[in-house]
Amino acid sequence: MKLWAGRFEKNTDRLVDKLNASIAYDQRMYREDITGSMAHAAMLGAQGIIPRSEADLIVKALGEILEDCEAGKVQFSEEHEDIHMNIEVLLTQRIGDAGKRLHTARSRNDQVAVDLKMYLRREIDALQEKVRALIAAICRKASDHLESIMPGYTHLQRAQPSTFAHYTMAYAEMLRRDAGRLADCRARLNLCPLGSGAMGGTTYPIDRARTAAALGFDGPTENSIDGVSDRDYVLELASALSILMMHLSRFSEEIILWASYEFGFVSLDDAYATGSSIMPQKKNPDIAELVRGKTGRVYGDLMGLLTVMKGLPLAYNKDMQEDKEAIFDAVDTVSLCLDVFTPMYGTMTVCTGRLRRAAAEGFINATDCADYLVKKGMPFRDAYTCVGRLVRSCIETGQTLETLPLAAYRAVSDVFDQDVYDAIDLMTCLQGRTVPGGPAPETVRAHISRVEAWLSEKETTT
Ligand code: ARG
């Protein structure tokens, strides 16, 4: 018999059960479902809505069910549809009538919202840890490569001097914003819907502040209709995770390029690369490719969720049960990607010689060469034209700005002197870029320290 079978004369069709049941995927919320029920039962007892002795019995039995669940001793059944009814049935099997009082002044609609919020809250905290671990790995590698000159790019064309530290710390900043978005989402979701009932609240003298506090929420939600129909927190989390995956995907794309023979900027550790079944020479960056690929999957989860929600009238509709598989998939995917990406990145070797060569060959000091003329009084536009001509002649003769003889410089402008070679030296170009945010080793070192301080501050606040 279904718990809700009061007005029904027949059992549901077997295929209806199959479509209706969510136990296969919502059972992962058993902990939240049980602790939510414990807080609810304790409150019912304290308010005299059910006898205190029965409330105590319910709390005790739920504690035992939780232990059994943790020990893998509980078999959930599709017949009881979802985690909420499965737990309630188990409870009633164990303690009889007292168990039947648990659902007083509650609906599965506010129950599922509480469960999901608590579950996602925990997942957000775990994801935060993983994001911070990656940021820490980026800082560590950056500290080793403050002077590893490499070209920075625009349009994937060599542009201006950077270092491996400066380049990769850009990703640390993206990930810090991701951590901020996760924190915002967590802060906004942290109001307790319990007490909203099916949608219209309840006439029982419940204490919503008490259950909210017992479950770690900042307070109760303000409107019972919103309490059961809001899934903004699911959408916000899926959005934050999509942006995070977009960052991991861009980073992966860099690593895929860098690990190619053409670039040769990095070499992946054997534990984080794969071979080919036919080409013996291959070492493929599969991890990075999969992270890039799985980004599409997380976007798909977000699109699915947005689409499920877009036409729903207030308040609860069963469509909303579809939120779980999508958000769980997004959380699981991001979590696994971070778990593998971080050690892949940490064990990767940076080929500083190749970086240096790419930096030397790309005319990335051309801007500095123009600035040299500007510092000697020439207007920037004229300086730009002069250096453009120098670059063209370098390309024709297979030279670089460093190897071009002074006579060739002076043929373009007599402002050039021997000191131009100092001005265009890559280390000079780098060390001159001390502007905040720039690639000068000291500037980047200070940036890394700020990020590391931020990391340890977060550690002590959580
Ligand atoms: N399994 C349901 C869900 O995930 C729980 C809420 C069911 N409520 C209802 N009125 N049928 O959304």
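The values are calculated or read from the model by the stated rules, or taken from the named source; none is laboratory data. Since this is a predicted model, take the numbers as computed values, not measurements. Reconstructed Cβ throughout: ideal geometry from the backbone, glycine too, with neighbour counts over all protein chains shown. Calculation scope for accessible area: heavy atoms of the full protein, side chains included, ligands and nucleic acids excluded. Shrake-Rupley method; radii C 1.70, N 1.55, O 1.52, S 1.80 Å.
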| query | So P439 clears everything in (1) within 44 Å of the chain's Cα centre (by Cα); (2) farther than 30 Å from I135 by Cβ; (3) modelled with pLDDT of 95 or more except one condition, right? Which one? | reply | (2)
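To keep it simple, each residue is scored yes or no on (1) of a type outside the set (V, I, T); (2) under 30 Å from A137 (Cα atoms).
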position: R354; (1), (2): yes, yes
position: F363; (1), (2): yes, no
position: D371; (1), (2): yes, no
position: K376; (1), (2): yes, no
position: V415; (1), (2): no, no
| query | Just for segment 70-86: of the residues that are charged (D, E, K, R) and more than 16 Å from the ligand (Cβ to nearest atom), which one is most open to solvent (accessible area, probe 1.4 Å)? | reply | K73
| task | Working only within segment 371-411, note down all residues that are touching an Asp or Glu at 6+ places or on another chain (Cβ under 9 Å), farther than 16 Å from E361 by Cα and charged (D, E, K, R). | result | K376, R410
| query | What residue, among those in segment 307-324 that are assigned to a helix (DSSP H, G or I), of a type outside the set (S, T, N, Q) and closer than 17 Å to D226 by Cα, is farthest from the ligand (Cβ to nearest atom)? | reply | M309
| field | Matching option when the condition is in contact with a Cys (Cβ under 8 Å, 6 or more places away or on another chain) and within 16 Å of the ligand (Cβ to nearest atom), among V114, V89 | value | V114
| said: So if I check each of E9, E32, E54, E67, which one is open to solvent by less than 80 Å² (accessible area, probe 1.4 Å) and either over 31 Å from the mean Cα position of the chain (by Cα) or free of Cβ contacts under 8 Å to residues at least 24 places away in the same chain (or both)? | reply: E54
| query | Filtering segment 271-289 down to residues that are surrounded by fewer than 20 Cβ atoms within 10 Å (Cβ to Cβ) and touching a residue at least 12 places away in the same chain (Cβ under 8 Å), which residue is nearest to the chain's Cα centre (by Cα)? | reply | E289
| request: Sort out which residues of segment 1-60 are of a type in the set (V, I, T) and away from the ligand (no atom under 16 Å from the Cβ), and write them in order of number. | output: T35, I49, I50, I58, V59
| message | Is it the case, given these coordinates, that A453 is modelled with pLDDT of 95 or more, hydrophobic (A, V, I, L, M, F, W, C) and surrounded by fewer than 16 Cβ atoms within 10 Å (Cβ to Cβ)? | response | yes
| query | Has segment 228-242 got at least one residue that is among the charged types (D, E, K, R) and without any contact (Cβ under 8 Å) to a residue 24 or more places away in the chain? | reply | no
| Which one is farthest from the ligand (Cβ to nearest atom) among residues in segment 92-111 that are open to solvent by 10 Å² or more (accessible area, probe 1.4 Å) and polar (S, T, N, Q)? | Q93
| note | Counting only helices (runs of 4 or more DSSP H) wholly inside segment 329-431, the ones holding at least 2 residues that are open to solvent by 70 Å² or more (accessible area, probe 1.4 Å) and out of contact with any Pro (no Cβ under 7 Å at 6 or more places or on another chain) are 352-361, 380-397, 406-412
| R445 vs. criteria open to solvent by 30 Å² or more (accessible area, probe 1.4 Å), part of a helix (DSSP H, G or I), without any contact (Cβ under 8 Å) to a residue 40 or more places away in the chain and more than 19 Å from F363 (Cα to Cα) | no
| Restricting attention to segment 201-245, which residues are assigned to a loop (DSSP other than H, G, I, E, B), open to solvent by less than 60 Å² (accessible area, probe 1.4 Å) and not hydroxyl-bearing (S, T, Y)? | G201, I206, D207, L215, G216, F217, G219, D230, R231
